[in-house]
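I have placed the structure first, in the form of structure tokens, so that the comments after it can refer back to it.
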Amino acid sequence: MRRLLKISKKGVAVLFAITCLYSCTSPEERIKKNEVAVSTKAHTVVIQQMKFAPAELIVNEGDTVTWINRDIVDHNVTEEANKEWSSSNLRQGKTWSMVVKKAATYFCTIHPVMKGKLIVKQ
Ligand SMILES: [Cu+2]
């Protein structure tokens, strides 16, 4: 009886340790290990009447944003501060997508008054 109790105590301890191994690992580490998946969202920004709509978009890191040009003139989507990323010029009806890694302001180099903002949720 005593021996049985010892084993079960040990068993509980092992179980506890295993549980901790999983639940005590940070979400970031678990993502790296492919134990969990991050659900990402797709967003669309319409380029119309020389404007990005919505001009400000709140996203999660890893979300995909697709811009679509609904104007008859070409536009592009270019990161403003350092031109870290840029679409090519988009003709009418063309789209361009990007996975958001960090917050940014962007503009159209053809029409610099056209500006947009990506805000990344903390
Ligand atoms: Cu433009």
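The values are calculated or read from the model by the stated rules, or taken from the named source; none is laboratory data. Bear in mind the structure is a predicted one, so any value in this text is a computation, not a measurement. Counting neighbours? That spans all protein chains shown, and the Cβs are built from the backbone with ideal geometry, glycine included.
Could you look through the stretch 89-122, keep only residues that are touching a residue at least 60 places away in the same chain (Cβ under 8 Å) and exposed (fewer than 15 other Cβ atoms within 10 Å of the Cβ), and pick out the one that is farthest from His75 (Cα to Cα)? Residue satisfying both the conditions and the ranking: Lys121. Scan the stretch 37-75 for residues that are assigned to a loop (DSSP other than H, G, I, E, B) and either closer than 15 Å to Trp96 by Cα or in contact with a Cys (Cβ under 6 Å, 6 or more places away or on another chain) (or both) and the total you get is 4.
Among the candidates Asn82, Asn34, single out the residue that is part of a loop (DSSP other than H, G, I, E, B), modelled with pLDDT under 95 and not charged (D, E, K, R). Exactly one residue qualifies, and that residue is Asn34.
Residues of the stretch 85-110 that are in a strand (DSSP E or B), within 13 Å of the ligand (Cβ to nearest atom) and among the polar types (S, T, N, Q): Ser86 alone.
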